[in-house]
Amino acid sequence: MLSAALLNAAQFPTIRVSSVTLSGTLDALTADLTIGVAGHEASVSAPCSLHGDAHTLTAVGAVALRQTAIGIAPYSLLHGALQVEDVMQLKFRIVVPIS
């Protein structure tokens, strides 16, 4: 999965998640995210919750993301007899320091 033919972890060691906007109410918050995986980017909306203390504000959530939707071909072997599921579950935690 981490080889150059797939996620290419040597060249892209991280998955980047950044929030474009947060919208909704505190009970039903949605984060519009940009996700970067192996040189590909996708924009998705995900439900999340917001937590805070005196020093940080944190958005936590999860989203299902299809590899094919961001331009990655799921791993396949033996002409498709063995293959990795297209859907990835991405959990995120975005922390913003409060000064």
Exercise. So which residue, out of LEU82, LEU26, LEU57, gets the largest mean-square fluctuation from a GNM of the chain using Cα contacts under 10 Å as springs?
Worked result: LEU82
Exercise. Which FRET efficiency value, to the nearest 0.05, is calculated for HIS40 and VAL87 with the Förster distance at 22 angstrom and r the Cβ-Cβ distance?
Worked result: 0.90
Problem set entry | Rounded FRET efficiency, nearest 0.05, which uses the C-beta distance separating SER99 from ARG66 and R0 of 41 Å | 0.60
Seminar exercise, completed: Computed for the chain: size of charge dipole around the Cα centre, +1 on C-beta of each Lys and Arg, -1 on C-beta of each Asp and Glu, debye to nearest 20, value 160
For this session: Give the Rg (one decimal place) followed by the Dmax (whole number) of segment 16-97, computed from C-alpha coordinates and expressed in Å.
Result: 15.5, 55
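At R0 = 25 Å, how high is the FRET efficiency between HIS51 and ALA73 if r is their beta carbon distance? Nearest 0.05 is fine. Show your work: numbers first, answer last.
Values: r = 37 Å, r/R0 = 1.47.
About 0.10, to the nearest 0.05.
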Exercise. From the backbone phi of segment 23-39, what are the Karplus-calculated ³J(HN,Hα) couplings (6.51 cos²θ - 1.76 cosθ + 1.60, θ = phi - 60°) in whole Hz, Gly and Pro given as x?
Worked result: 9, x, 10, 4, 7, 9, 8, 10, 9, 8, 10, 10, 10, x, 10, 6, x
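The numbers here are math on the coordinates, done by the rules we state, and not lab data. Treat the numbers as computed from the prediction; the structure is a model and nothing was measured. FYI the Cβ positions are ideal-geometry reconstructions off the backbone, even for glycines, and counts take in every protein chain you see.
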